[in-house]
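Participant: What follows is a single structure, and I will ask about it in a moment.
The values are calculated or read from the model by the stated rules, or taken from the named source; none is laboratory data. Here the structure is a predicted model, which means the values were calculated and not measured. A quick note on method: Cβ atoms are made from the backbone with ideal geometry, for glycine too, and the neighbour counts reach across all protein chains shown.
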């Protein structure tokens, strides 16, 4: 009699358990009762637990077994098979994952990995049902069945379908002020002004929301908001990063990004200009500025750097960033070995590096220890924004001159002079910026284990990863070496789904705080299976078909009901879908660092809303740069209007990022950041409480409210509240703040006059006609409001 | 939660790679949504410690710039013999080299005398008289080697295990794994001091949290101005006023939370309380008036003036209060020239306080719970470099010395060797990742299991190459 082995018994048990679970949940459609799907259920399991030793990396492969390729997994291995489709019991894989023998069990205990009973059952069922493999979702062709509907309708349809399947419902639309604040913050990074709220509430047209969307997309602040994110991806910063962390010249690139988003430059063109603007025939100044992308990496001026070592570092840095930004893939590990989980090889890594081998890093290899350091090739340019301004002024001038000729009206003389002076001033705002310049490409070798001293590896030509559609470059005289320009164009050729999926997933994240695939930094085997694959594809294909218009994509997203719904979860939704995977409500989350700053400056009226320009230096704790050397660094906070610029313009010192930005999770931009963490710490509390920028903003809010309300207390408090929160104050909230005000006022009337020092924080002028103790007490009210969770939350 | 939802949710989590023992980033990012009652998140990971811990705290004394092993812990008589002669090419051919690129390489003999000390008879040079007195507490590793020959990337390797930016530092990993033991202070504190050569730049990356949430990053304490950024009230604002303000903020947040039920608000309220507590606990920490004179004398510190001596005393005060990881940098150790005078300065500033720290912790019975690690990001060449008035040495990564003391390591031990000229680590070679694995081991952490999934990969402090716990040096 054949008794089942313990492992078999266990397998039977787990099958029984699984069946019981299925019975328990047979009422409605749930995922668990479907047969396991390779992409959704099996690939992530195999990838995480098995591929490291039985996957793409030939060097670490054990038992010469690959489970990532169907033909390898099912082949005859001398009388036994890893996987026999349709027969788990006959499959060695099942035997090995279900045994209790520690010497045999997979994954081996020393890897720290294991499979749960449920996971084993899934694998078993998958094998029993035929062990069907599927192409990885991110690389599969786009599925598009968008018919006669707008993208926003499609979004709602596809989201609704999943919601229904889960027994959930979409929330009703958010109340109008919440929605308005959300929309303004999401599209411009700023809360709506009092006037913007009033005009919205006054407008009776059914299109008022759509109108506002269009207005905001056309506002210059849209570009600033989008740049905040793009600059994280491409790791834009004002300093070199390594060792002395000297300033380098690059701000015109940042302004170009803002300008490009504002004019809705198609994403393919936007990408091409950055990767290869300098290679375009008769490249424009803007295209050359954009090519500064290739210079954004960290560089070192440390004495004793070995050129060969650092050229290898720079090459890897560029491959890491390129592959993260445009392919959503982690190629970094392929510097030393084939990827353990994804079908990328070490050769792929160096072939990608070869695209960038023509970038002139040698002219300024050592750089200087001056500030800013000179890193040729650089250009001295007017930013596109300043050139636009000059163009505008010249048009005015022309108009003026033509009208002067006709009417011979000499009274326009001074105006003409004003215009000329303005043009002259703008012409002076040329800044230096690093650009790409192609030189003869240096040979790129495959480096054994990434060792830059190794010279034994083959020299490789530029090429794209083998798993992706190929790139062919043929000229009349035969094949030619592929360039960065070829690479940039290849990204956007037809049937190139990855580029589009990666980007739309990240755009979705900007409006829901989570991607449809939540791993924004990895679309590979280890990445998260998208919750709504069809929706991701619909977004990607529409994006591609719309000539890569980012504004159109965003417009459709924010017009959707899915976007407009309330962020307040129902208890039912919280319980059954705590991560809000199925989008039964909008998301509430703390604002990014820059927006928190902008909110305080904007609501107090301090914000200087000029576009572009040199980087700004807000107040910063003394001595914060004490660890910088070569040369030693002193920090001088700006003493003019530069002090009140938006967060996107803050001087980005990689090694010592402004403490306010750090406290609110802004990245140092040493590497690509696709998603910022959101923390909630006492350091953030201390920053918001005590950073002079916020204390000053609170004072100016207090002053303005008292002036606007003839120093009457309750109306002033209401005014501040509305200014910061975009909504009216409630009676119990008012009561709390009135109590605070009265108590502080009383104290200020009794305290030593030095207590009023608080009014001297920041350089904004005092309102002399106001009573200092009242201003100080109202300052506390403003501080309290600015410090609430609601103020810094997007709902 | 009904069963089908449970299944659904679990199967989704599994399908999306949230595996047992491995925390996915998305999960980490959501952790803040849970109200925390402690400043920098107290709770250890569920599977930690992996085994009994020997140490609870780490104090890392980083001699930034790279101190010479040949003048401190690794006596090389053969090098003395060969002083002034060409360095044999058999040692240097094909090896990386920093500032000596393209120069004639010649030997520079040890510049100080070595003697045997303590019952263990450890060999230590005369430039470190106070540490020599603690010889029986030191576990000297003479066979360190690392990957990076320039300061910035070498520090990054020492702190994060790789030269690629953006990875969590050791202190962040350890606080992430073990949680904090203090209610009022950060679990990871960094302090720096100067003296000796033109100070080394130190990037905040060295104490960054990388892809871990920022609450795990090191918090820098300063000797000038405010000890922690924004810990002081705005000018003219007193403690009662600040308290009242925070009460009002919390009252507004509570009201709001009644309507919107947002766990993030509860956390925010807790963090404001903690912020307020820090405004008191930090100044207390910096107030040495409760230290008896003999303790101040032991360290050679009078006030928290940012000197290495004062920082060592601060480190003890922090450890007493439950700070998990204290990182002290002394920035004067890059001696390309004038090795002797600079060594004299640096050792005068660091020798006594380092020894005092061991002694003081020992007296308080804290040494057994505290692992002290001393060393630079690399060592220095056996070859002469002539950058100053007097001889110096260049950066060197093939062999150098560090020491550990306390928390579970065997004092009075010398581990590993370099070759006869002190060029390359020979016996029992110890890579930086082996040091990391050993440090984690003393804290009860299996370095292979402390992993976080990011970019689809399992990241560890010790990376992907094999790392070895130095069982031989454990007590």
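Participant: Go through the residues of segment B:83-98 one by one and say whether even a single one is under 32 Å from the mean Cα position of the chain (by Cα) and buried (at least 21 other Cβ atoms within 10 Å of the Cβ).
Facilitator: Yes, the conditions are met somewhere in segment B:83-98.
Participant: A further question follows. Of the conditions (1) at pLDDT 95 or above; (2) closer than 30 Å to residue A:440 by Cα, residue A:496 satisfies every one except a single condition; which number is it?
Facilitator: Unmet for residue A:496, out of (1) at pLDDT 95 or above; (2) closer than 30 Å to residue A:440 by Cα: (1).
Participant: Then there is this: Tell me, which residue of segment B:157-187 that is at pLDDT 95 or above and closer than 19 Å to residue B:201 by Cβ is farthest from the other protein chains (Cβ to nearest Cβ)?
Facilitator: Here the residue is B:158.
Participant: Quick check on residue A:782: is it out of contact with any strand residue (DSSP E or B) (no Cβ under 8 Å at 6 or more places or on another chain), more than 9 Å from every other protein chain (Cβ to nearest Cβ), crowded, with 24+ Cβ neighbours inside 10 Å and within 30 Å of residue B:226 (Cβ to Cβ)?
Facilitator: Details: out of contact with any strand residue (DSSP E or B) (no Cβ under 8 Å at 6 or more places or on another chain): yes; more than 9 Å from every other protein chain (Cβ to nearest Cβ): yes; crowded, with 24+ Cβ neighbours inside 10 Å: yes; within 30 Å of residue B:226 (Cβ to Cβ): yes.
Here the answer is yes, as residue A:782 does meet what is asked.
Participant: What single numbered condition from (1) more than 40 Å from the chain's Cα centre (by Cα); (2) at the interface with chain B (Cβ under 9 Å from one of its Cβ atoms) fails to hold for residue A:737?
Facilitator: The one condition residue A:737 does not meet is (1).
Participant: Let me ask you something else. Filter segment B:346-384 down to residues that are within 19 Å of the chain's Cα centre (by Cα) and in a strand (DSSP E or B), then give me how many there are.
Facilitator: So the answer is 7.
Participant: Further question: Identify, please: which residue in segment B:106-116 is in contact with a strand residue (DSSP E or B) (Cβ under 7 Å, 6 or more places away or on another chain) and buried (at least 19 other Cβ atoms within 10 Å of the Cβ) and is, among those, nearest to the other protein chains (Cβ to nearest Cβ)?
Facilitator: Applying the filter and picking the extreme gives B:108.
Participant: Moving on. Of the conditions (1) in contact with a helix residue (DSSP H, G or I) (Cβ under 6 Å, 6 or more places away or on another chain); (2) within 30 Å of residue A:508 (Cα to Cα), residue A:675 satisfies every one except a single condition; which number is it?
Facilitator: (1)
Participant: For residue B:440, which of the numbered conditions (1) within 14 Å of chain A (Cβ to nearest Cβ); (2) more than 20 Å from residue A:44 (Cα to Cα); (3) surrounded by fewer than 24 Cβ atoms within 10 Å (Cβ to Cβ) fails to hold?
Facilitator: Condition (3) is where residue B:440 drops out.
Participant: Another question, if that's okay. Would you pick out the residues in segment B:88-102 that are free of Cβ contacts under 8 Å to residues at least 24 places away in the same chain and within 11 Å of chain A (Cβ to nearest Cβ)?
Facilitator: B:94, B:101, B:102
Participant: Which one of these is closer than 30 Å to residue A:559 by Cβ and in contact (Cβ under 8 Å) with a residue 40 or more places away in the chain: A:117, A:128, A:156? So that I can check it myself, show each step before the final result.
Facilitator: Values: A:117 fails: closer than 30 Å to residue A:559 by Cβ; A:128 fails: closer than 30 Å to residue A:559 by Cβ.
So the residue among A:117, A:128, A:156 that is closer than 30 Å to residue A:559 by Cβ and in contact (Cβ under 8 Å) with a residue 40 or more places away in the chain is A:156.
Participant: Further, regarding this structure: Inside segment B:400-475, counting only strands (runs of 3 or more DSSP E) that do not spill past its ends, which hold 2 or more residues that are modelled with pLDDT under 95 and touching a helix residue (DSSP H, G or I) at 6+ places or on another chain (Cβ under 7 Å)?
Facilitator: B:451-454
Participant: Among the residues of segment A:632-658, write down those that are facing chain B (nearest Cβ under 10 Å) and surrounded by fewer than 19 Cβ atoms within 10 Å (Cβ to Cβ).
Facilitator: Passing the criteria: only A:632.
Participant: Please go through (1) within 14 Å of chain B (Cβ to nearest Cβ); (2) buried (at least 21 other Cβ atoms within 10 Å of the Cβ) for residue A:706 and return the number of the only condition it doesn't satisfy.
Facilitator: (1)
Participant: Quick one: in segment A:271-304, of everything that is without any contact (Cβ under 8 Å) to a residue 40 or more places away in the chain and either part of a helix (DSSP H, G or I) or under 16 Å from residue A:367 (Cβ atoms) (or both), which residue is nearest to the other protein chains (Cβ to nearest Cβ)? Full working, then the answer.
Facilitator: Applying the first criterion (without any contact (Cβ under 8 Å) to a residue 40 or more places away in the chain) to segment A:271-304 yields A:273, A:281-284, A:287, A:290, A:303-304.
In the following step, the residues that additionally are either part of a helix (DSSP H, G or I) or under 16 Å from residue A:367 (Cβ atoms) (or both) were identified as A:273, A:287, A:290, A:303-304.
Values: A:273: 26, A:287: 29, A:290: 24, A:303: 6, A:304: 3 Å.
By that ranking, first place goes to A:304.
Participant: Could you check segment A:748-758 and list, in sequence order, the residues that are touching a helix residue (DSSP H, G or I) at 6+ places or on another chain (Cβ under 8 Å) and either surrounded by fewer than 16 Cβ atoms within 10 Å (Cβ to Cβ) or without any contact (Cβ under 8 Å) to a residue 24 or more places away in the chain (or both)? Steps first, please.
Facilitator: Of the residues in segment A:748-758, the ones touching a helix residue (DSSP H, G or I) at 6+ places or on another chain (Cβ under 8 Å) are A:748-749, A:755-756, A:758.
Scanning segment A:748-758 gives A:749, A:755, A:756.
Participant: Okay, next question. Does residue A:139 fit the bill of being more than 14 Å from every other protein chain (Cβ to nearest Cβ) and part of a helix (DSSP H, G or I)? Steps first, please.
Facilitator: Numbers: more than 14 Å from every other protein chain (Cβ to nearest Cβ): yes; part of a helix (DSSP H, G or I): no.
Judged against the criteria, residue A:139 is not a match.
Participant: Now a separate question. Filter segment A:560-589 down to the residues that are part of a helix (DSSP H, G or I) and crowded, with 20+ Cβ neighbours inside 10 Å, then identify the one that is nearest to the other protein chains (Cβ to nearest Cβ). So that I can check it myself, show each step before the final result.
Facilitator: Keep residues of segment A:560-589 that are part of a helix (DSSP H, G or I), which gives A:561-564, A:571-576.
Restricting the remaining residues to those that are crowded, with 20+ Cβ neighbours inside 10 Å gives A:562-564, A:573, A:576.
Numbers: A:562: 19, A:563: 19, A:564: 18, A:573: 11, A:576: 4 Å.
Checked segment A:560-589; the qualifying residue nearest to the other protein chains (Cβ to nearest Cβ) is A:576.
Participant: Quick one: how many residues across segment A:451-467 are part of a loop (DSSP other than H, G, I, E, B) and touching a helix residue (DSSP H, G or I) at 6+ places or on another chain (Cβ under 7 Å)?
Facilitator: Start the filter on segment A:451-467 by keeping residues that are part of a loop (DSSP other than H, G, I, E, B), which leaves A:451-458, A:461-467.
Filter again for touching a helix residue (DSSP H, G or I) at 6+ places or on another chain (Cβ under 7 Å), leaving A:452, A:454, A:456-457, A:461-466.
Total meeting the criteria: 10.
Participant: Check off (1) without any contact (Cβ under 8 Å) to a residue 60 or more places away in the chain; (2) touching a strand residue (DSSP E or B) at 6+ places or on another chain (Cβ under 7 Å); (3) under 25 Å from residue B:217 (Cβ atoms) for residue B:318 and give me the number that stays unchecked.
Facilitator: Checking residue B:318 against (1) without any contact (Cβ under 8 Å) to a residue 60 or more places away in the chain; (2) touching a strand residue (DSSP E or B) at 6+ places or on another chain (Cβ under 7 Å); (3) under 25 Å from residue B:217 (Cβ atoms), the one that fails is (1).
Participant: Looking only at segment B:202-216, which residues are modelled with pLDDT of 85 or more, assigned to a loop (DSSP other than H, G, I, E, B) and at the interface with chain A (Cβ under 8 Å from one of its Cβ atoms)?
Facilitator: Of everything in segment B:202-216, those that are modelled with pLDDT of 85 or more, assigned to a loop (DSSP other than H, G, I, E, B) and at the interface with chain A (Cβ under 8 Å from one of its Cβ atoms) turn out to be B:202, B:203, B:208.
Participant: Does segment A:533-540 contain any residue that is in contact with a helix residue (DSSP H, G or I) (Cβ under 9 Å, 6 or more places away or on another chain) and within 14 Å of chain B (Cβ to nearest Cβ)? Spell out the reasoning first.
Facilitator: Initial filter on segment A:533-540 (in contact with a helix residue (DSSP H, G or I) (Cβ under 9 Å, 6 or more places away or on another chain)): A:533-540.
Subset that is within 14 Å of chain B (Cβ to nearest Cβ): A:533.
The answer is yes; a qualifying residue exists.
Participant: Right, here's the next one. Give the residue that is nearest to residue A:118 (Cα to Cα), with candidates limited to residues of segment A:26-37 that are modelled with pLDDT of 50 or more and touching a helix residue (DSSP H, G or I) at 6+ places or on another chain (Cβ under 7 Å). Steps first, answer last, please.
Facilitator: Start the filter on segment A:26-37 by keeping residues that are modelled with pLDDT of 50 or more, which leaves A:34-37.
Checking the rest, the ones that are also touching a helix residue (DSSP H, G or I) at 6+ places or on another chain (Cβ under 7 Å) come to A:35-36.
Values: A:35: 13, A:36: 12 Å.
Per the stated criteria, the residue is A:36.
This table checks each residue for (1) more than 30 Å from residue B:211 (Cβ to Cβ); (2) out of contact with any helix residue (DSSP H, G or I) (no Cβ under 6 Å at 6 or more places or on another chain).
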| position | (1), (2) |
| --- | --- |
| B:108 | yes, yes |
| B:128 | yes, no |
| B:136 | yes, yes |
| B:146 | no, no |
| B:150 | no, yes |
| B:153 | no, yes |
| B:177 | no, yes |
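Participant: Looking at (1) over 29 Å from residue B:353 (Cα atoms); (2) in a helix (DSSP H, G or I); (3) within 32 Å of the chain's Cα centre (by Cα); (4) at the interface with chain A (Cβ under 7 Å from one of its Cβ atoms), can you tell me which one residue B:233 breaks?
Facilitator: So residue B:233 meets the others, but not (2).
Participant: Could you list, in sequence order, the residues of segment A:683-712 that are touching a residue at least 40 places away in the same chain (Cβ under 8 Å), touching a helix residue (DSSP H, G or I) at 6+ places or on another chain (Cβ under 8 Å) and more than 23 Å from residue A:793 (Cβ to Cβ)?
Facilitator: A:699, A:703, A:704, A:706, A:711
Participant: When the residues of segment A:340-349 are narrowed to those that are within 19 Å of residue B:458 (Cβ to Cβ) and more than 9 Å from every other protein chain (Cβ to nearest Cβ), which ends up modelled with the lowest pLDDT?
Facilitator: A:343
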